[in-house]
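> One structure follows; several queries about it will come next.
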Amino acid sequence: MNDYNLYLGQMHMGSCMKFEDETQARLKDKKCLEYYGFKVYSQNDEDGIIEEIFNRIGTTNKIFIEFGVENGLECNSHYLLFKNWRGLWIDGGAAHVRAIREKFAPVLANGQLKVLQAFITRENINELFITGGIEGEIDLLSIDVDGNDYYIWQAINVVKPRVVIIEYNAKFPPNCDWKMAYDKNHMWDGSDWQGASLKALELLGRELGYQLVATNFTGVNVFFVRRDLAKDLFLEPATAENLYNPARWKFISYVNHHPAKYCLVNQAENLGLFNYKPNNDAIPLQGFSEEIDTGNFFFNVMINKNSLILVRNKNKIALPYFVLPEDVENISGMSLKISVDGKIISQIPIQESGLIEMNLPFSDAPLIVNFELSKTFRNMQGNEHGLAIIFEVKN
């Protein structure tokens, strides 16, 4: 990290060279938490910083609370599930919570994780924690609501976190004390009307009994440790001026490994994706596009003439389908052949919409079923595709 060229691309991006010099100098001190940063499931380097903080202060009950997690795949506490932590997630988006219930099914089923859907305000935050079954001391609290973060942290009194992570508005330099005016109905519009400056959060942290210990490299999150635990374990002076990182958002999109699609904790042997889609009869494997959410149902579009699906241990299954509107005029004479282990079990003519019914051979294990279209379509963008198969209908 010490040899990393922080200046590259910064000179005309609104970043002060003084801040780059200060970061370079800070990285030479092994108390500097950015030095330990890495990404597993966090947005940036937060996973590594969290690990190093708890390496220094230890853990107690390994309980976390995080809100503003979206679908949970990229957040500050996802990786903690791999370390046998447990906790509560809260998000206001119905689609996000549905995704969490699917993609984190194993850890929800065993009680390691709870999830609530709620629009978070300073008026309801403590009640939400009680509803989620968490009070008293916890190891980690992570706050990200893109707006009223300052006021929500200020209002929390039913839990006492040992470590707090909260987003700061890095547009403001470290000596600027600014926070947005409170609005319980605020939703971020993508502008700079959100959050609070690092200095404002430093001062609030002091009032609440916390010491500022780091900001992350990209200038998104600030880390606090309860003052009685910080001792001499972290860089000082514990001020915004000493620990500020400017907004290096051009690094946020950096990808260093395969993208996350499911939480990979507590998978049952020989189940694979069935761990994560327990309510589905079938899961698309090869030859399907990304899952599409229309607001009424999920569906996957066949993009290859031959496509595979995985079917759970069922003797009979029925999958609704429809043909995309731009392709309806092309379905005359089309058919779909369905086979298992090379044996044809059904062959149906394609209608504008219909139901694919399959009588399957008995099996103790999930079956791989091959769909073969007599031809494929090209949509208005020239991309080849076949049927839209509905794999899960929403309630």
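> Looking at Asn266, Asn304 in this structure, which one is of a type outside the set (Gly, Ala, Ser), surrounded by 14 or more Cβ atoms within 10 Å (Cβ to Cβ) and within 27 Å of Ala94 (Cβ to Cβ)?
Just one listed residue meets the conditions, Asn266.
> Related question: Please go through segment 155-172 and give me each residue that is surrounded by 17 or more Cβ atoms within 10 Å (Cβ to Cβ) and either without any contact (Cβ under 8 Å) to a residue 12 or more places away in the chain or more than 20 Å from Glu46 (Cα to Cα) (or both), ordered by number.
Within segment 155-172, Ile156, Val159, Phe172 meet the criteria.
> Criterion first (buried (at least 17 other Cβ atoms within 10 Å of the Cβ), of a type in the set (Val, Ile, Thr), more than 30 Å from Gly93 (Cα to Cα) and in contact (Cβ under 8 Å) with a residue 40 or more places away in the chain) does Val369 satisfy it?
yes
> Mind checking which pairs have a first residue in segment 53-64 that is touching a residue at least 24 places away in the same chain (Cβ under 8 Å) and a second that is assigned to a helix (DSSP H, G or I) and loosely packed, with under 15 Cβ neighbours inside 10 Å, Cβ under 8 Å, 6 or more apart or different chains?
Lys62/Lys83
> Still on this model: Which one of the conditions (1) without any contact (Cβ under 8 Å) to a residue 60 or more places away in the chain; (2) of a type outside the set (S, T, N, Q); (3) surrounded by fewer than 18 Cβ atoms within 10 Å (Cβ to Cβ) does Met358 fail to meet, given that it meets all the rest?
Result: Met358 passes all but (3).
> Of the conditions (1) over 28 Å from Phe217 (Cα atoms); (2) surrounded by fewer than 18 Cβ atoms within 10 Å (Cβ to Cβ); (3) touching a helix residue (DSSP H, G or I) at 6+ places or on another chain (Cβ under 6 Å), Asp177 satisfies every one except a single condition; which number is it?
Evaluating Asp177 over (1) over 28 Å from Phe217 (Cα atoms); (2) surrounded by fewer than 18 Cβ atoms within 10 Å (Cβ to Cβ); (3) touching a helix residue (DSSP H, G or I) at 6+ places or on another chain (Cβ under 6 Å) leaves (1) as the failure.
> Take the residues of segment 176-212 that are of a type in the set (Asp, Glu) and more than 22 Å from Ala247 (Cα to Cα): which is nearest to the chain's Cα centre (by Cα)?
Filtering segment 176-212 for residues that are of a type in the set (Asp, Glu) and more than 22 Å from Ala247 (Cα to Cα), the one nearest to the chain's Cα centre (by Cα) comes out as Asp183.
> Residue under question is Phe82, and the condition is that it be surrounded by 21 or more Cβ atoms within 10 Å (Cβ to Cβ) and either of a type outside the set (D, E, K, R) or outside the structural domain of Arg227 (by TED's automatic domain parsing) (or both); does it hold?
No; evaluated as a whole, the condition is false for this residue.
> Before we move on, is Ile331 under 22 Å from Leu273 (Cβ atoms) and either surrounded by 15 or more Cβ atoms within 10 Å (Cβ to Cβ) or not assigned by TED's automatic domain parsing to the domain that holds Ala94 (or both)?
Criteria not met by Ile331.
> Being among the small types (Gly, Ala, Ser), in a strand (DSSP E or B) and at pLDDT 95 or above: is that true of Ala200 here?
Answer is no for this residue.
Matching residues to (1) modelled with pLDDT of 95 or more; (2) farther than 30 Å from Lys62 by Cβ:
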| residue | (1), (2) |
| --- | --- |
| Asp149 | yes, no |
| Asp177 | yes, yes |
| Asp189 | no, yes |
| Asp192 | no, yes |
| Gln211 | yes, no |
| Gly219 | no, no |
| Phe234 | yes, no |
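> Among the residues that make up segment 307-321, is at least one of them over 24 Å from Val340 (Cα atoms) and surrounded by fewer than 16 Cβ atoms within 10 Å (Cβ to Cβ)?
no
The values are calculated or read from the model by the stated rules, or taken from the named source; none is laboratory data. Predicted model only: the values in this text are computed from it and were never measured. Don't worry about glycine lacking a Cβ; one is built from the backbone with ideal geometry, like all the others, and counts go over all protein chains shown.
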